[in-house]
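Here's the structure, in structure tokens; my notes come after.
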Amino acid sequence: MPKFREVTSPYDGRIVGAVPLSDVSSVEAVLEVARSGARKAQALSRNARGKILDAAATAIEHRNEEFAQTIVAESGKTIRQARKEVLRAVNTLRLSAVEARRNAGEVIPFDSYEGSEDRTGWYSREPLGIIAAITPFNDPLNLVAHKIGPAIAGGNAVVLQPSALTPLSAQLLADALVDAGLPQDVLTVVHGDREVAETIIRSRDVRMVSFTGGFSTGESIARAAGLKKLSMDLGGNAPVIIMSDADIDDAVDSCVSGAFWAAGQNCVGVQRILVATSLYADFRRRFLEATARLVAGDPWDEGTDVGPMISSAALLELQAKLDEAIQDGATVLAGNMAEGNVLRPTVLETVPADSRLWKEEVFGPVAMLHAFNTFEDAIEVANAIEFSLHAGIFTDSLGSAMQAAKRLDAGGVMINDSSDYRFDGMPFGGSKYGSMGREGVHFAYEEMTQPKVVCIRNAKP
């Protein structure tokens, strides 16, 4: 008899579904299916891949509310935010369909090189084979689409292990792709523990591992994977600089949204807000006023802005960091009160630079304010963290904006926008420690394919 894992709501603890559990003994059967799927995927024409991805996108768009409610049920994301995630996933699949059809390779100008005048040829983009994808809980539909869509576009098979906390959205997406015509062997969804994941990624048949999650897990994957491609998004700690010439209303609105969207469980969410001293008091007042207007609570309520954190364990870990920072001198300006797994939007200042709260990824509804005197000070503070995905700056000065774009150590610099802005077609990834590869459909597609050169020596007349 198969075992099942129950999926519970992080808001009220009720059971919202269940998934069948795999164990290590079943991994070889999973890989055998994937080997068959890799052959079927490679045989699909680019037109067929594009049609399947487009059809799945259309089906999900028509079932938006069903998918959105599933996201709310298992992740606690608010219903308004969940609907937006569904639309983003639709766009991700459509971008993948475009990539399947257009990014086939290029002609190589062999005859432009001396000694090769009698040669013509090209390179094509060919699938890697089997890709293992491991996804997190915070965007349980769109982040899965970001791995599956480009992989299918490139003609690969995928073994997907979604977060144990949010597997239902991933399964719905897989079912939609199969209903759209994807051969069933091409995509295998596995629900298992860490040992199952490590057994899969150790396999020599797996040619790439695409992972989004924490640093320690990423390090374990890198050790287990062996000689294969790795693409990893291992989290961030986004700084946003507010210059003295910034549009303060725009900066406040953007930073409040960026800090507390999805209960702050966002790897590019606004975390450290660095404000010019001359603007600090005014920004602080307006930021706290805007934060106080946010409604925290039931994610099913259309008026809720901030839902629960994913689990009581995640909340307890964050509260421990908050307590440590407060003991060491941080001042709480708002929030730091929880009901169930719902933590009210929390704002602090005077947070010690050596505290875990300041140095690590918060991944909760917490923002920290810090005053700076000069632009150089702001850049130094912003870059003092050993890992980074996105950063932001608000300024009316083109010079300041361009200097920030050049000097901020980040995979993306958002100018006059929240650090959490992301368009699903742009390259997405980090800089500094642990960053490997890029997501964003076009860029993930290229990570998930490889060039194959064909060269023809022309017969002499």
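Could you tell me how far the Cα centroid of region 382-461 sits from the Cα centroid of region 117-173, in Å?
19 Å
If we sort 383-396, 171-184 on the protection proxy, mean other Cβ atoms within 10 Å, highest first, what's the order? Kindly include the intermediate steps, with their values, before the conclusion.
Values: 383-396: 23.1, 171-184: 18.6.
Per-residue mean Cβ counts within 10 Å order the peptides as 383-396, 171-184.
Please report the net charge: other residues with Cβ closer than 11 Å to the Cβ of ALA176, K and R +1, D and E -1.
Numbers: positive: ARG63; negative: GLU61, GLU66, ASP175, ASP179.
Net charge around ALA176: -3.
Tell me the carbon and sulfur percent of the accessible area for region 1-120, rounded to whole percent, probe radius 1.4 Å.
Whole-percent figure for carbon plus sulfur exposure: 54.
Just to verify a number: FRET efficiency for ASP323 and GLU376, C-beta to C-beta distance, R0 = 41 Å, to 0.05?
On the way: r = 33 Å, r/R0 = 0.81.
Efficiency, rounded to the nearest 0.05: 0.80.
Mind checking the per residue accessible area of the chain for me, 1.4 Å probe, whole number of Å²? Present the calculation step by step, with values, prior to reporting the outcome.
On the way: 19180 Å² over 461 residues.
Accessible surface, normalised per residue, equals 42 Å².
Report the Cα centroid-to-centroid distance between region 1-15 and region 303-354 in angstrom, as an integer.
26 Å
DSSP beta bridges in region 305-392, what fraction antiparallel, as a percent rounded to 5? Intermediate results must be reported in sequence, preceding the final value.
Details: 5 of 9 bridges.
Percent antiparallel among DSSP bridges in region 305-392 is about 55.
Using the scaling law 2.2 N^0.38 Å as the reference, what is the normalised Cα Rg of the chain?
Details: Rg = 23.4 Å, N = 461, 2.2 N^0.38 = 22.6 Å.
Against the empirical 2.2 N^0.38 Å value, I get 1.03 for the chain.
How far, in nm, would the chain grow between ASN64 and ARG223 when pulled straight, counting 0.36 nm per residue and subtracting the alpha carbon separation? Intermediate values should be presented prior to the final figure.
Numbers: separation 159, 0.36 × 159 = 57.24 nm, distance 3.91 nm.
Length gained, ASN64 through ARG223: 53.3 nm.
What ranking, highest mean first, results for peptides 327-334, 200-207 when packing means the other Cβ atoms within 10 Å averaged over each residue? If you can, show how the numbers build up before the last one.
Values: 327-334: 14.5, 200-207: 19.1.
By packing density, highest mean first, the sequence is 200-207, 327-334.
Just how far, in whole angstrom, is region 231-245 from region 76-116 if you go by their alpha carbon centroids?
Measuring centre to centre over Cα atoms gives 25 Å.
Tally Lys/Arg at +1 and Asp/Glu at -1 over every other residue whose Cβ is under 12 Å from the Cβ of VAL186; what's the total? Mind dumping the intermediate values first?
Values: positive: ARG35, ARG39, LYS40, ARG49; negative: ASP185.
So the surrounding residues net to +3.
Using modelled backbone amide H atoms (1.01 Å from N, in-plane), which distant-in-sequence or interchain residues come within less than 5 Å of VAL190's amide H?
LEU160, GLN161
Label-point separation (nm) for CYS455 and SER45, each offset 7 Å from Cα along Cα-to-Cβ?
For the pair CYS455/SER45, the computed spacing is 3.1 nm.
Could you compute the FRET efficiency for SER397 and ASP23, with r as their C-beta to C-beta distance and R0 at 35 Å, rounded to 0.05?
Values: r = 58 Å, r/R0 = 1.67.
Efficiency computed from Cβ-Cβ geometry: 0.05.
The values are calculated or read from the model by the stated rules, or taken from the named source; none is laboratory data. Bear in mind the structure is a predicted one, so any value in this text is a computation, not a measurement. As a convention, Cβ positions derive from the backbone with ideal geometry for all residues, glycine included, and neighbour counts pool all protein chains shown. Heads up: the accessible areas ignore ligands, DNA and RNA and are worked out on the full protein's heavy atoms, side chains in. Shrake-Rupley method; radii C 1.70, N 1.55, O 1.52, S 1.80 Å.
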